[in-house]
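S.K.: Please see the structure below; I have some questions.
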Amino acid sequence: MHTQARVFIRTALVYLVVAFMVGGLYLLNQGLNLSDKIGALLYPYYHLLMVGWVTQLICGVAMWMFPPLTRERPRGDERLGWFVYAALNLGLLLRVIGEPLQAWYGGWGWMLAASAILQVLAIWVFVIAIWPRVKGKPIFKPKTTPSEVK
Amino acid sequence: MPRLSQIMLRTALVWIAVGYTFGALVLYNKGVPFWPWLWLLRSAHVHLLLVGWLVQFAAGMAFWILPRLDPHGSRGNERLVWASYILLNSGVILAALHDPLAAAAPALTSLMIAAAGVCYMLAALTFALHAWRRVVSFRTFPR
């Protein structure tokens with residue numbers, strides 16, 4: 001598994017743990033009524049799980065196991081993958097921090113707007129990067145021609 | 001990757017792009033309100049991403065990588081998967097259109113969401129019928 005896929009998948013695993021911590025805290029609060037503020041963590045919990053864990057895991061696995069683009073550049077331009085990683089995670093963190101802050105104190109709406117732009121850019125770039133790799137079994141031309149072999 | 005998986009995965013990629021666009025509009029509007037109507041896209045965002053993206057992507061991958069049925073590489077009855085593909089995407093479109101159109105045509109949209117539910121049920125059933133026989137332990141075919 002190449003470095004980029006490992007980074008995506010390990011980050012996804014971190015989000016899985018964090019999401020369940022937040023989700024567990026939300027359930028604890030439902031049972032024990034610890035604080036009214038914890039209710040604002042519901043949407044961050046959903047998105048930690050669905051964006052941070054599920055979507056990021058799928059992106060990492062797709063980049064790893066989809067058919068190679070060409071023999072020379074099997075994964076295409078890897079800079080696109082790094083952009084996806086940075087924008088998706090920065091966008092998600094802005095949302096996870098900004099949404100409770102906005103609910104509790106107000107005035108943090110800009111974080112949600114920035115998060116929206118970063119996440120949608122990340123996904124558009126992911127689609128552009130992975131689209132050419134959704135294809136049949138690659139048939140690479142041999143590097144040497146039969147006459148050269150002789 | 002078989003043709004049908006390519007079609008399912010590419011459709012899933014279209015839905016993730018559209019679903020995230022709707023989600024971004026809803027989230028942006030939550031932080032910096034500019035058009036209250038955008039909140040009506042929230043339900044479409046959920047259907048597009050949970051069913052159109054996640055379920056369809058998983059089904060497309062499963063059709064590709066589950067064990068084949070014979071030494072010739074047969075994947076079994078592909079018509080069931082085609083039916084599942086059409087039903088699932090019809091359901092996604094009907095469900096996604098429900099909330100934005102609900103205010104304009106409530107009677108029509110009630111039928112639409114009910115039809116979406118039926119499409120989802122049949123899509124799951126047809127895909128499971130196809131995949132069931134391919135969930136087998138490791139085996140080697142005689143060459």
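S.K.: Can you tell which of A:Val7, A:Val54, A:Val18 is among the β-branched types (Val, Ile, Thr) and closer than 19 Å to B:Trp53 by Cβ?
M.R.: Only one candidate qualifies: A:Val54.
S.K.: Among the residues of the stretch B:72-83, is any open to solvent by less than 20 Å² (accessible area, probe 1.4 Å) and in contact with a helix residue (DSSP H, G or I) (Cβ under 7 Å, 6 or more places away or on another chain)?
M.R.: yes
S.K.: Quick one: would you say A:Leu112 is modelled with pLDDT of 95 or more and more than 9 Å from every other protein chain (Cβ to nearest Cβ)?
M.R.: no
S.K.: Additional query: Cβ contacts < 9 Å: first residue at the interface with chain A (Cβ under 9 Å from one of its Cβ atoms) and over 19 Å from A:Tyr46 (Cβ atoms), restricted to the stretch B:21-40; second residue open to solvent by 100 Å² or more (accessible area, probe 1.4 Å) and of a type outside the set (A, V, I, L, M), any location; separation 6+ or different chain. Result?
M.R.: Sorted first by the residue in the stretch B:21-40, then by its partner, the pairs are B:Val32/A:Trp110.
S.K.: Has the stretch B:26-35 got at least one residue that is closer than 30 Å to B:His130 by Cβ, open to solvent by 50 Å² or more (accessible area, probe 1.4 Å) and not charged (D, E, K, R)?
M.R.: no
S.K.: Only residues that are on the phi > 0 side of the Ramachandran plot and open to solvent by less than 60 Å² (accessible area, probe 1.4 Å): list them for the stretch A:66-114, please.
M.R.: Within the stretch A:66-114, A:Gly76, A:Gly106 qualify.
S.K.: If we scan the stretch B:86-95, do we find a residue that is open to solvent by 80 Å² or more (accessible area, probe 1.4 Å) and over 19 Å from B:Val18 (Cβ atoms)?
M.R.: No.
S.K.: Looking for something modelled with pLDDT under 95, of a type outside the set (S, T, N, Q) and assigned to a helix (DSSP H, G or I) - is there at least one such residue anywhere in the stretch A:10-22?
M.R.: Scanning the stretch A:10-22, I find no residue that is modelled with pLDDT under 95, of a type outside the set (S, T, N, Q) and assigned to a helix (DSSP H, G or I), so the answer is no.
S.K.: A:Leu41 - would you say it is in a helix (DSSP H, G or I), away from every other protein chain (no Cβ under 14 Å) and surrounded by 14 or more Cβ atoms within 10 Å (Cβ to Cβ)?
M.R.: Against the criterion (in a helix (DSSP H, G or I), away from every other protein chain (no Cβ under 14 Å) and surrounded by 14 or more Cβ atoms within 10 Å (Cβ to Cβ)), A:Leu41 qualifies.
The values are calculated or read from the model by the stated rules, or taken from the named source; none is laboratory data. Predicted, not measured: the structure shown is a model, and the values here were computed from it. All Cβ positions, even for glycine, are placed from backbone atoms using ideal geometry, and neighbour counts span all protein chains on display. Side chains included, ligands, DNA and RNA excluded: accessible areas come from the protein's heavy atoms. Shrake-Rupley method; radii C 1.70, N 1.55, O 1.52, S 1.80 Å.
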